[in-house]
2 protein chains.
Amino acid sequence: MTESPPTTRSARTRARIADAARALFAEAGVTATSVRDIAERAECDPALVIRYFGSKEALFTAVVQFDLMLPELRGLTPGAAAERLAGHFVRIWETRESGEKFQTLLRSATSHEPSAERLRAVFAGQVQPVIAAFCGEGASAGDTAAKVASVVLGVALGRYILRLPPLTGIAPERLPDLIATSLEPILAAGLPARLQPREDGDPSP
Amino acid sequence: MTESPPTTRSARTRARIADAARALFAEAGVTATSVRDIAERAECDPALVIRYFGSKEALFTAVVQFDLMLPELRGLTPGAAAERLAGHFVRIWETRESGEKFQTLLRSATSHEPSAERLRAVFAGQVQPVIAAFCGEGASAGDTAAKVASVVLGVALGRYILRLPPLTGIAPERLPDLIATSLEPILAAGLPARLQPREDGDPSP
DNA sequence: ACTATATTTCAACAAGTGTTGACAATTGCA
DNA sequence: TGCAATTGTCAACACTTGTTGAAATATAGT
């Protein structure tokens, strides 16, 4: 998980450059961050950035690699699944390194195709399957994934990128619960019919 | 609502420039769209763009003015309120001019502060009050507004900006309903306790 | 100390940006 | 037709961008 501290001198400045880039990309997006900005923050010459990573695009690619490592949801109740999903995403967002990577992708994706492409790949390859497994043979897996993605993306965008007051005002500890309550009805509706609670609320036997 | 067609020649090219800018801003964002791009699409000289609007920033401001004109929700049931809200937003998104304006803001806001600021102003001034009115004296108006904003922003981002397959795959006619089902439980939870349906589902008298 | 390698600095490039002011063309009015 | 105002064109400015290659410095091995 955590990188071991680099030994050789070049590896150390290489790491400084990567750290600076990750932070700046997250704060301002890829296109709004210049190679010179990165170099200044890493306290080195702009030419070194290119020398060590080949190009700005390659630096972006190197700095944004990550795995959501979503938990398995198959067989859980909607409430439990919503809790795990919400807690997992909040943990990713509030952890510095993974948070910066996620913010970089979200912030850049709107006018930087490689970022958008990576986000699409992450959702198709990691989120979609987990939701489909939860829904079982329910034909509505597509709709459910769409709704889950909306909520997750919406919270992340509003809180970390747009900084909308209603979302920034929420304390981090309350965040998982708030997301879970939005997610639970969505997940409940995604289950196959015979597993659904009846509308009049009669508890299942 | 619709502008009357311009009479003088300068007003006509001014309108061509505004149209071109609105479309390009929506497609690529403000910063990724150059004055020369706009001029090319409007079939005029780049200098004219500045002449007629003063600066690129001023052109952005002029082209992005709009009013959500949200319906009043006070006193509605959660289901009805969710339906109206969802239908209203979808109509905005799927109408060319307002859709382009919304996309411009959303796409640019991630690395263009004026866009972010305008989005925040729209939510604080237009969405928040409508939700607060619906919630009545419920103390949870803030949370409810946060959740509503998440869903709305998330759908718009995923469908129109990131183009995530699960969201782009939904037919426009099905979209309002899909959003409404996400919104309804959120709005229901935002009502003051004495108006809430009991957990065991007993219908109110 | 001298050499060879690793690391960094510097100056410059070509391309693209928003913006400006001087000039040319077109239009409408007398 | 001639004059004046409106509208459009052109070339250039100052600046920033990613990237490059040669030169300078620092580090380590003998």
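Just so you know, all these numbers are worked out from the coordinates, no wet-lab data involved. Because the structure is a prediction, the values reported are computed rather than measured. Ideal geometry is used to build each Cβ from the backbone, glycine not excepted, and the neighbour counts take in all protein chains shown.
Pulled fully out, how much extra length does the chain show between A:Arg163 and A:Glu137, if you take 0.36 nm times their separation in residues and subtract their Cα-Cα distance?
5.5 nm
Would you please give the FRET efficiency between A:Asp19 and B:Ser34, computed as 1/(1 + (r/R0)^6) with r the Cβ-Cβ distance and R0 = 30 Å, to the nearest 0.05?
0.40
Determine the calculated [θ] at 222 nm for chain A from helices alone, applying -39500 (n - 2.57) to every DSSP H run no shorter than 4 residues and normalising by the residue count; nearest 500 deg cm²/dmol.
Using -39500 (n - 2.57) per qualifying helix, the result is -19000 deg cm²/dmol.
Just to confirm a number: summing +1 for Lys and Arg and -1 for Asp and Glu over residues other than B:Ala28 whose beta-carbon lies under 14 angstrom from that of B:Ala28, what do you get?
Result for the local shell: +1.
Given H placed on each backbone N at 1.01 Å, which residues far from B:Leu162 in sequence or on other chains put an amide H within less than 5 Å of it?
none
Under the convention of a label 7 Å out along Cα→Cβ, give the distances in nm from B:Arg41 to the same position in every other copy, shortest first.
3.0
Can you compute 3J(HN,Hα) from phi for each residue in the range A:119-127, using the Karplus curve 6.51 cos²θ - 1.76 cosθ + 1.60 with θ = phi - 60°, rounded to whole Hz and x for Gly and Pro?
3J(HN,Hα) across the range A:119-127, in whole Hz: 4, 4, 5, 4, 5, 5, x, 10, 7.
Quick one: helix B:141-156 against the long Cα principal axis of chain B, what's the angle to the nearest 10°, folded into 0 to 90?
In chain B, helix B:141-156 runs at an angle near 50 degrees to the longest axis.
Between A:Ser10 and the same site in the other copies, what are the distances in nm, shortest first, taking label points 7 Å from Cα along the C-beta direction?
Computed spacing set for this position: 6.2 nm.
What net charge do the residues around A:Arg74 carry, taking every other residue with its C-beta under 13 Å from that of A:Arg74, with Lys and Arg at +1 and Asp and Glu at -1?
-1
Could you tally the net charge around B:Gly154, taking each other residue with its Cβ under 13 Å from the Cβ of B:Gly154, Lys/Arg +1 and Asp/Glu -1?
+4
Would you look at the GNM of chain A, springs on alpha carbons closer than 10 Å, and say which of A:Ala20, A:Ala149, A:Ala11 moves the most?
Top of the fluctuation ranking is A:Ala11.
Step through the residues of the range B:88-94 one at a time and calculate ³J(HN,Hα) from phi using the Karplus curve (6.51 cos²θ - 1.76 cosθ + 1.60, θ = phi - 60°), rounding each to whole Hz and writing x for Gly and Pro.
5, 5, 4, 4, 4, 5, 8
Relative contact order of the range A:9-63, please, whole-number percent, based on alpha carbon pairs below 8 angstrom and at least 6 residues apart.
Worked out over the range A:9-63, it gives 37 percent.
Convert each backbone phi in the range B:39-52 into a coupling constant with the Karplus relation 6.51 cos²θ - 1.76 cosθ + 1.60 (shift: θ = phi - 60°), then list the ³J(HN,Hα) values in order as whole Hz, x for Gly and Pro.
Listing the rounded values in order: 4, 4, 5, 8, 6, 8, 7, x, 5, 5, 4, 5, 4, 7 Hz.
Quick one: dipole size for the range A:9-63, taken about the Cα centre, charges +1 on Lys/Arg Cβ and -1 on Asp/Glu Cβ, in debye to the nearest 20.
So the dipole magnitude of the range A:9-63 works out to roughly 260 debye.
Rounded, prolate or oblate: which fits the protein assembly as shown, taking a ≥ b ≥ c as square roots of the Cα gyration tensor eigenvalues, rounded meaning a/c under 1.5, else prolate when a/b beats b/c?
Here the protein assembly as shown falls in the oblate category.
Which Cα, out of B:Ala81, B:His112, B:Phe134, lies furthest along the positive dipole direction of the protein assembly as shown (beta carbon charges, K/R +1, D/E -1)?
With unit charges placed on the Cβ atoms, the residue in question is B:His112.
Enter the angle in degrees (range 0 to 90, nearest 10) between the Cα long axis of helix A:96-108 and the first principal axis of the Cα atoms of chain A, meaning the one along which they spread out most.
90
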